[in-house]
Amino acid sequence: MTSNYQQSQPYQQNQAHPGNATQPNRTNGLAIASLITSFFISIVGIILGHIALSQIKQTGETGRGLAIAGLVIGYASLAIGLIAAILVFGLAAGSVSP
């Protein structure tokens, strides 16, 4: 007597195929550069951070947090620098006597 049902196959692990091998995610180099340069030259860190975020979105690389940290530090230091410059020039202009 034959039965019309198939026996279930044992569970097989998903084996990687040579053409389907995935490489580990790399960290975006511009994200690292953004974080480092934002401490010294804030505008360069800001520019590199925006470029890094765009590349990360396209390539799927890691480093999004580094790029965002570079942007935050870059914008914060730029704002502090602008406020300091305004205060220095404002005080200098106020101390000039006619």
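None of the figures in this text is laboratory data; all of them are computed from the coordinates on show. Quantities reported herein were computed from a predicted structural model and do not represent experimental measurements. Quick reminder, even Gly has a Cβ in these numbers, built from the backbone with ideal geometry, and neighbours come from all protein chains shown.
On the stretch given as the range 41-98, residues that are exposed (fewer than 10 other Cβ atoms within 10 Å of the Cβ) and assigned to a helix (DSSP H, G or I) total 5. Do you know which residues across the range 31-40 are under 11 Å from the mean Cα position of the chain (by Cα) and buried (at least 23 other Cβ atoms within 10 Å of the Cβ)? Result: Ala31, Ser34, Leu35.
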